[in-house]
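For reference, the structure discussed in these notes is given below.
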Amino acid sequence: MLCAAALIGGCDAARPKFRSTDITGVDYGRELALTGHDGKPRTLADFRGKAVVLFFGFAHCPDVCPTTLAEMAGVMKALDSDAARVQVLFVTVDPERDTADVLAKYVPAFHPTFLGLYGDAEATQRAAKEFKVFYEKRAGSTPGSYSIDHGAQSYVLDPSGRLRLFVRHDRIATDLAVDLRTLLREKG
């Protein structure tokens, strides 16, 4: 039975149930202008028609980034034919070291369809601010051995380009495939 509020959009039963945090309607995560590891300028509009999973990290990350990308590759495998309707984007927060060549080797090593995105320091900062992602460079024992503290969440945009889900890094393997299937089944 459909609740009367569903007719005016107020019934929770009318909204899909996600395992991740549903952030549909937030006023951020609407724009992104960076360059792909393939050298092409990219915006979110380039991926309309696909669900987009967006993760900010860096290639020299010793733990969260490779684990997250490996788990996302597992999600793509679990999605089987639906994986063709999903685009994973890895946005570097280390534009000094993560060049197009570095990203072209690193990101697709996890899955051939994954795309690394980069920009200069200002473009990186704009992208992180737009998605409310924290990152901060931490000095190492030598100038090139620094690390970067960064948020470990991922975001999911629907095929229309609307930001829909906040995914905790520790829930990717258990929740993301289910949530992507739910999102891909949506009408409108």
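Quick check: residue separation of Lys132 and Leu184 times 0.36 nm, minus the Cα distance between them. What number comes out in nm?
16.2 nm
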Over the chain, relative contact order from alpha-carbon pairs under 8 Å, at least 6 apart, %
32 percent
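Determine the sum of side-chain charges near Asp149: Lys and Arg each +1, Asp and Glu each -1, restricted to other residues whose C-beta is under 10 angstrom from that of Asp149.
Its environment carries a net charge of +1.
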Just checking my list (i) 103, 24, 23; (ii) 123, 30, 28; (iii) 65, 32, 30 against Cα extents along the principal axes in Å computed from this structure; which label fits?
(iii)
Helical mean residue ellipticity (222 nm; -39500 (n - 2.57) per DSSP H run of 4+; nearest 500) of the chain:
-6500 deg cm²/dmol
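As an exercise, use a Förster radius of 22 Å and the Cβ-Cβ distance of Thr21 and Ser160 to find the FRET efficiency, rounded to the nearest 0.05.
The value I calculate is 0.70.
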Find the accessible area per residue for the chain; the probe is 1.4 Å, ligands and nucleic acids are left out, and the unit is Å².
52 Å²
In whole percent, how big is the carbon plus sulfur part of the accessible area of the chain, probe 1.4 Å, protein atoms only?
53 percent
Post the alpha-carbon centroid distance, segment 156-188 to segment 14-89, in whole angstrom.
9 Å
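The values are calculated or read from the model by the stated rules, or taken from the named source; none is laboratory data. From a predicted model like this one, the values you see are computed outputs, not experimental measurements. Counting neighbours? That spans all protein chains shown, and the Cβs are built from the backbone with ideal geometry, glycine included. Only protein heavy atoms, including side chains, enter the accessible area calculation; ligands, DNA and RNA are left aside. Shrake-Rupley method; radii C 1.70, N 1.55, O 1.52, S 1.80 Å.
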